[in-house]
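Take a look at the structure set out below.
The values are calculated or read from the model by the stated rules, or taken from the named source; none is laboratory data. This is a predicted model, so every value here is computed, not measured. Here the Cβ positions follow ideal geometry from the backbone for every residue, glycine too, while neighbour counts run over all protein chains shown. Keep in mind that these areas ignore ligands, DNA and RNA; they rest on the heavy atoms of the full protein, side chains included. Shrake-Rupley method; radii C 1.70, N 1.55, O 1.52, S 1.80 Å.
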Amino acid sequence: MSIPSSTARLQLHKEFNFEQAAEVVPYYASLGVSHIYASPILTARSGSMHGYDIVDPTHINPELGGEEGLRRLVEHIRAAGMGLILDIVPNHMGVGSENPWWQHVLEWGQGSPYAHWFDIDWQPADESLRGKVMAPFLGKPYGDALGAGEIRLRFDAERGKFHAAYYAHCFPIAPAGYAGILRAAGSPRLNAAIATFEEGGDTHGALTRQNADIGCGLLRELARDGEGRAAIEAALAHYEAQTPQGFENLHALLERQHYRLAWWRCAADGINWRRFFEVTDLAGVRVEQDEVFEATHALIFRLYTEGLIDGVRIDHVDGLADPGAYCRKLRRRLQALSAQRPPQLPPAPPYIVVEKILARGERLRRDWDIDGTSGYDFMDRVGALLHDPAGEAPLSAQWAELSGRDLDFQDEVRLARRQLLAANLAGEFEAAARALHAVARTDLRTRDYSLGAIRRVFTELLVHFPVYRTYTDIHGRDEQDQEVIDRTLEKARHSVDRTEVPLLEVLARWLGGEEPPSQHAASQRVRSLHQRAITRFQQLTPPLAAKSVEDTAFYRYGRLLSRNEVGSDPCEFSIGVREFHQANLARAAHFPHSMLATATHDHKRGEDVRARIAAISELAAEWARTVDEWMRLNAPARGEVAQENGASASMAPQPGDELMLYQMLAGAWPIGLESADREGVARFAERIERWQTKALREAKQVSDWVLPNEEYEEACRRFLYSILEGKADNAFLPALAAFVRRLTPAGVVNSLAQTVLRMTSPGVPDLYQGTEFWDFSLVDPDNRRPVDYAERRRALQGGETSIAGVDGWQSGRLKQQIIRRTLQLRAREHELFFHGDYQPLDIAGAQGSHAIGFARRQKDRTAIVLATHLSARMLGEDGLPVVPADAWQDTAAELPFAAHSTWMDVYTGRTLRVSSGKLRLRDALALLPVALLVEA
């Protein structure tokens with residue numbers, strides 16, 4: 001039960017909780033899904049719609065239904081014969097008043113038992129932060145917020161504690177300062193409490209938590225009577241910032257806290273704790289420490305021991321200090337608990353996969369003791385397969401001409417990295433650079449390398465770094481990390497000043513785990529400094545990679561947006577059938593249970609949007625003519641935006657932004673939407689507007705999130721609504737609808753091909769919620785919209801009959817039926833798809849390049865998979881997503897293991913005969929663009 005045959009990903013939140021999830025379990029069971037794969041369920045920030053901002057890992061989220069609700073959900077899951085995989089978040093936690101551990105750190109500073117649970121630098125270079133935590137949560141500079149009376153001293157009568165309130169934020173006041181606050185009231189009623197806070201010190205004179213609790217208890221009692229409450233209110237009045245003295249008093253009090261309140265813009269340069277990427281309300285957790293690991297995983301272990309979950313997906317594994325050590329430790333702990341699981345559950349190892357972005361050519365580490373990734377690598381391979389290599393050159397030329405940027409994708413990434421290191425991630429970069437400088441200062445031969453020189457050279461290493469991270473430590477690096485360091489050095493040598501090449505090589509050796517050549521190298525201090533520098537580097541490169549690629553360059557480079565997807569490198573425009581087979585063979589050999597995904601909660605555009613846009617690669621010349629015509633038609637709708645530097649006004653949208661918009665309109669236009677449907681087009685325009693605004697800001701060129709260019713954004717918004725307006729003289733709207741009708745059949749063929757390949761390739765296919773129908777979602781939050789399960793249940797009724805063809809394909813029911821029949825076959829033929837060999841099939845004949853095929857074989861069981869490939873120029877004039885039988889001519893799949901045999905198509909129920917080891921595609925793909933055959 002623990003190793004899934006397939007999973008269904010559900011996004012849980014207060015509007016789709018355990019109760020609603022339980023209602024859809026029978027539906028997924030009827031599809032053939034073996035495991036529900038749930039988003040994080042531990043207590044997250046109130047109202048969280050994703051669950052990755054956990055504030056209390058010791059309890060199940062009450063907004064989802066709490067532990068009682070979870071148990072009811074699992075009862076439904078077990079009754080359906082299914083299992084549960086849980087998404088866990090070991091790298092970070094949400095900060096704020098709902099996180100008791102974080103609040104305790106703010107209250108007690110380094111004296112808190114949780115002070116070292118978070119990745120806080122208590123001795124940063126900024127002297128004003130020594131022994132403090134930067135709290136960059138103010139909406140304006142500190143002095144302005146204080147002067148405006150937005151920061152106020154408040155008393156919580158229920159807890160007997162003081163805090164600084166800033167809108168929804170609550171910053172605890174250190175109890176050591178309570179006596180001073182209370183003394184300001186001059187009331188004898190407060191003397192006992194004052195004495196407790198003044199006299200309750202330890203041997204060093206510091207206030208103990210025990211005595212602070214006693215003092216807070218006294219304050220709670222005082223707050224219950226009118227006189228006591230009035231005395232406390234009188235004390236608070238001395239800290240009202242509206243008066244000059246109150247301003248000074250409050251400022252002085254805040255300066256004595258274990259945190260420093262700051263403007264949110266300070267975070268990029270000055271933050272002294274590790275964040276998740278650049279998200280300032282998510283703090284890194286030091287899960288590498290045993291006590292932190294046990295505290296944050298205790299509930300997970302209990303859920304596994306009690307048989308409530310069967311495995312985990314590890315979020316952002318590359319953020320951890322030592323991902324490999326963490327994964328191995330987690331495997332050991334779960335494996336040790338397996339014997340205590342309920343006896344009615346079949347014995348099986350825990351299922352463990354990681355969210356890991358593999359760069360082009362990078363291999364997943366085989367010593368992590370995991371089952372594989374969460375599927376981005378498969379999404380990349382199958383996505384690249386759908387692209388015609390012949391389209392790369394003309395589409396590249398079109399993009400360069402219209403955008404005016406003759407840069408390839410990696411050029412854009414390098415530019416983005418420089419920008420991010422100088423701004424968004426400046427604080428993290430500075431911390432890593434100073435850690436390297438500290439190593440340099442330990443030896444006479446390297447102490448003269450200045451911090452400035454290290455910053456310059458380190459920047460070049462980071463700009464050219466080709467993967468998310470290395471896994472080196474002070475004991476050295478493996479062969480794969482050596483290759484990464486060598487590739488980085490080769491490129492960085494060309495961009496550093498030649499006088500600094502020696503320093504470049506020194507830093508590369510240190511970051512690669514080579515011991516500093518120092519007379520003090522054997523000392524514990526040097527080893528500690530060296531490991532700290534390596535860890536800082538390894539925890540900087542993942543956010544730098546993600547932000548520069550996924551959240552910046554993907555929105556700057558628009559050759560063809562179907563390749564701008566999480567886990568993909570747009571520089572690799574396409575791959576051939578052979579390369580796809582090689583990836584499947586490698587997975588079968590090393591990670592046969594890795595997840596296979598084509599849609600996730602983080603995708604940039606839905607799987608069927610990508611599949612349709614990919615078909616443009618087959619029609620590059622037609623697309624170029626179409627775009628030229630559209631730009632001519634829409635020229636009157638463009639606006640002009642004044643430039644701040646006094647230069648001439650710029651066009652809005654700029655041509656590159658306009659080209660990307662056209663791709664999204666053509667790719668995401670819902671099937672069945674008519675251009676005359678004003679309400680439907682308006683709803684579509686609203687969704688595209690949200691995507692467009694996010695795209696402009698993520699690109700960080702004309703606009704950004706920090707300081708949005710509202711004039712340019714508004715001009716782009718007006719352009720969008722103008723070209724989609726249903727006016728009689730708007731020639732563009734019917735032209736767009738006509739091109740979509742031309743493109744959609746090829747997109748549907750791509751969609752069904754990637755769907756079948758996902759479910760039959762080596763690995764565990766994952767079905768993202770709702771994508772069993774056509775998925776024309778956009779980037780989040782559009783890809784997390786509610787799913788219409790009632791419609792999907794209705795479509796499934798009476799679905800046991802064979803699929804007669806592609807008629808009615810517009811509804812999405814065809815895709816659902818193919819998924820159902822494939823997953824049910826996987827459930828019946830468990831061993832075949834779990835352990836069966838993967839055998840690529842040669843496709844011979846006139847149209848051999850337009851199909852892909854392989855066999856899954858296990859002893860006497862065999863399944864044959866066939867899918868149409870690059871179909872746009874082979875489809876008929878009838879607008880159906882299937883290649884006419886005659887168009888296949890003599891094309892056939894070669895089956896050397898079945899010279900004369902009879903097969904049944906799982907989808908259509910048709911019987912097919914193999915003669916002389918050849919299966920004719922005019923027969924196998926006559927009714928559908930895909931086929932799944934088993935021996936008759």
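Select, from I852, I843, I818, the only residue that is within 20 Å of T771 (Cα to Cα), at pLDDT 95 or above and β-branched (V, I, T). Walk me through how you get there before you give the answer.
Working: I852 fails: within 20 Å of T771 (Cα to Cα); I843 fails: within 20 Å of T771 (Cα to Cα).
Residue meeting the stated conditions: I818.
Examine segment 668-677 for a residue that is assigned to a helix (DSSP H, G or I), open to solvent by less than 10 Å² (accessible area, probe 1.4 Å) and either over 21 Å from I613 (Cβ atoms) or not basic (K, R) (or both), and state whether such a residue exists.
Residues of segment 668-677 assigned to a helix (DSSP H, G or I): 668.
Then drop every residue that is not open to solvent by less than 10 Å² (accessible area, probe 1.4 Å), which leaves 668.
Still in the list and also either over 21 Å from I613 (Cβ atoms) or not basic (K, R) (or both): 668.
So far as segment 668-677 goes, yes, one or more of its residues are assigned to a helix (DSSP H, G or I), open to solvent by less than 10 Å² (accessible area, probe 1.4 Å) and either over 21 Å from I613 (Cβ atoms) or not basic (K, R) (or both).
I'm trying to understand the selection: among the residues of segment 497-534, which are of a type in the set (V, I, T) and either without any contact (Cβ under 8 Å) to a residue 40 or more places away in the chain or buried (at least 21 other Cβ atoms within 10 Å of the Cβ) (or both)? Step through it out loud before you land on a result.
Our first condition is that a residue be of a type in the set (V, I, T); within segment 497-534, this holds for 499, 501, 506, 526, 534.
The answer is T499, V501, V506, I534.
Here's a check for you: in segment 790-806, which residue that is in contact (Cβ under 8 Å) with a residue 60 or more places away in the chain and not polar (S, T, N, Q) is farthest from D602 (Cα to Cα)? I'd like the intermediate steps shown before the answer.
Here is the first cut: in segment 790-806, the ones in contact (Cβ under 8 Å) with a residue 60 or more places away in the chain are 792-793, 796, 802-806.
If we keep only those that are not polar (S, T, N, Q) too, we end up with 792-793, 796, 803-806.
On the way: R792: 23, R793: 26, L796: 27, I803: 32, A804: 35, G805: 33, V806: 31 Å.
So the residue we want is A804.
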Six or more apart or on different chains, Cβ under 6 Å: which pairs go from a residue in segment 266-293 that's without any contact (Cβ under 8 Å) to a residue 40 or more places away in the chain and buried (at least 18 other Cβ atoms within 10 Å of the Cβ) to one that's of a type in the set (S, T, N, Q) and not in a strand (DSSP E or B)? Could you list them? none
Mind checking whether some residue in segment 816-838 is in contact with a Phe, Trp or Tyr (Cβ under 9 Å, 6 or more places away or on another chain), in a strand (DSSP E or B) and in contact (Cβ under 8 Å) with a residue 60 or more places away in the chain? yes
Which of the helices (runs of 4 or more DSSP H) found entirely inside segment 189-249 contain at least 1 residues meeting this: of a type in the set (F, W, Y)? 191-199
Only one of these conditions is not met by E306: (1) closer than 19 Å to D371 by Cα; (2) among the acidic types (D, E); (3) over 24 Å from the mean Cα position of the chain (by Cα). Which number is it? (1)
Restricting to segment 885-895, count the residues that are assigned to a loop (DSSP other than H, G, I, E, B) and either touching a Phe, Trp or Tyr at 6+ places or on another chain (Cβ under 6 Å) or open to solvent by 10 Å² or more (accessible area, probe 1.4 Å) (or both). 2
For segment 863-884, does any single residue satisfy the condition of being touching a residue at least 12 places away in the same chain (Cβ under 8 Å), in a helix (DSSP H, G or I) and either in contact with a helix residue (DSSP H, G or I) (Cβ under 9 Å, 6 or more places away or on another chain) or exposed (fewer than 14 other Cβ atoms within 10 Å of the Cβ) (or both)? no
Being open to solvent by 50 Å² or more (accessible area, probe 1.4 Å) and charged (D, E, K, R), is that true of even one residue in segment 103-122? no
Mind listing whichever residues of segment 458-495 are assigned to a loop (DSSP other than H, G, I, E, B), crowded, with 20+ Cβ neighbours inside 10 Å and of a type in the set (S, T, N, Q)? T470, T472
Of everything in segment 775-808 that's closer than 18 Å to V930 by Cβ and not polar (S, T, N, Q), which residue is most open to solvent (accessible area, probe 1.4 Å)? D807
Just name the residue that is nearest to A666 (Cα to Cα) out of those in segment 556-609 that are acidic (D, E) and surrounded by 21 or more Cβ atoms within 10 Å (Cβ to Cβ). D608
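Do we have D377 as assigned to a loop (DSSP other than H, G, I, E, B), open to solvent by 20 Å² or more (accessible area, probe 1.4 Å) and in contact (Cβ under 8 Å) with a residue 40 or more places away in the chain here? Break it down into steps so the answer makes sense when it comes.
On the way: assigned to a loop (DSSP other than H, G, I, E, B): no; open to solvent by 20 Å² or more (accessible area, probe 1.4 Å): yes; in contact (Cβ under 8 Å) with a residue 40 or more places away in the chain: yes.
In short, no.
Could you tell me whether E640 is of a type outside the set (S, T, N, Q), at pLDDT below 95 and in contact with a helix residue (DSSP H, G or I) (Cβ under 9 Å, 6 or more places away or on another chain)? Lay out the reasoning, then the answer.
Working: of a type outside the set (S, T, N, Q): yes; at pLDDT below 95: yes; in contact with a helix residue (DSSP H, G or I) (Cβ under 9 Å, 6 or more places away or on another chain): yes.
Yes: the conditions hold for E640.
A283: over 21 Å from the mean Cα position of the chain (by Cα) and closer than 24 Å to L421 by Cα, yes or no? Explain how you work it out, then say what you get.
Details: over 21 Å from the mean Cα position of the chain (by Cα): no; closer than 24 Å to L421 by Cα: yes.
Taking the combined requirement at face value, the residue does not satisfy it.
Quick check, is G391 at pLDDT 95 or above, under 20 Å from T541 (Cβ atoms) and over 19 Å from the mean Cα position of the chain (by Cα)? Spell out the reasoning first.
Details: at pLDDT 95 or above: yes; under 20 Å from T541 (Cβ atoms): no; over 19 Å from the mean Cα position of the chain (by Cα): yes.
For G391, the condition - at pLDDT 95 or above, under 20 Å from T541 (Cβ atoms) and over 19 Å from the mean Cα position of the chain (by Cα) - is not met.
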Name the single residue, out of those in segment 127-148 being over 32 Å from the mean Cα position of the chain (by Cα) and surrounded by 14 or more Cβ atoms within 10 Å (Cβ to Cβ), that is farthest from L106 (Cα to Cα). G147
Is there any pair linking a residue in segment 654-676 that is farther than 14 Å from W630 by Cα to one that is surrounded by 20 or more Cβ atoms within 10 Å (Cβ to Cβ), with Cβ under 6 Å and at least six apart or on different chains, and which? G667/V609; G667/R612; G667/I613; A668/V609; A668/F776; W669/V740; P670/F776; I671/W774
Name the residues in segment 391-426 that are assigned to a loop (DSSP other than H, G, I, E, B), in contact with a helix residue (DSSP H, G or I) (Cβ under 7 Å, 6 or more places away or on another chain) and among the aliphatic types (A, V, I, L, M), would you? A423, L425
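What are the residues in segment 59-69 that are surrounded by fewer than 23 Cβ atoms within 10 Å (Cβ to Cβ) and touching a residue at least 40 places away in the same chain (Cβ under 8 Å), if any?
Quick first cut of segment 59-69, residues surrounded by fewer than 23 Cβ atoms within 10 Å (Cβ to Cβ) only: 59-60, 62-63, 65-69.
Across segment 59-69, the qualifying residues are H59, I60, E63, G65, G69.
Report yes if A898 is within 19 Å of L814 (Cβ to Cβ) and over 36 Å from the mean Cα position of the chain (by Cα), otherwise no. First the steps, then the outcome.
On the way: within 19 Å of L814 (Cβ to Cβ): no; over 36 Å from the mean Cα position of the chain (by Cα): yes.
So A898 fails the test.
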Go through (1) over 28 Å from R525 (Cβ atoms); (2) assigned to a helix (DSSP H, G or I) for F429 and report which single condition fails. (1)
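With the condition kept exactly as written, say whether any residue in segment 697-720 is out of contact with any Ser or Thr (no Cβ under 7 Å at 6 or more places or on another chain), open to solvent by 10 Å² or more (accessible area, probe 1.4 Å), part of a helix (DSSP H, G or I) and of a type in the set (G, A, S). Show your work before the answer.
Of all residues in segment 697-720, those out of contact with any Ser or Thr (no Cβ under 7 Å at 6 or more places or on another chain) come to 701-708, 710-711, 714-720.
If we keep only those that are open to solvent by 10 Å² or more (accessible area, probe 1.4 Å) as well, we get 701-702, 704-708, 710-711, 714, 717-718.
This time we only want the ones that are part of a helix (DSSP H, G or I), so: 710-711, 714, 717-718.
Imposing the further condition that a residue be of a type in the set (G, A, S) reduces the set to none.
Scanning segment 697-720 turns up no residue that is out of contact with any Ser or Thr (no Cβ under 7 Å at 6 or more places or on another chain), open to solvent by 10 Å² or more (accessible area, probe 1.4 Å), part of a helix (DSSP H, G or I) and of a type in the set (G, A, S).
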Sole residue being open to solvent by 10 Å² or more (accessible area, probe 1.4 Å) and part of a helix (DSSP H, G or I), chosen from A735, A746, A728: A735
List the pairs whose first member sits in segment 761-789 and is on the phi > 0 side of the Ramachandran plot, whose second member is of a type in the set (V, I, T), and whose Cβ atoms are under 9 Å apart, counting only residues at least 6 apart or on separate chains? G770/V787
Neighbours by Cβ (under 6 Å, 6+ apart or cross-chain): first from segment 380-408, open to solvent by 60 Å² or more (accessible area, probe 1.4 Å); second of a type in the set (S, T, Y): P389/S574
Is there a residue being out of contact with any helix residue (DSSP H, G or I) (no Cβ under 6 Å at 6 or more places or on another chain) and surrounded by 22 or more Cβ atoms within 10 Å (Cβ to Cβ) anywhere in segment 432-447? yes
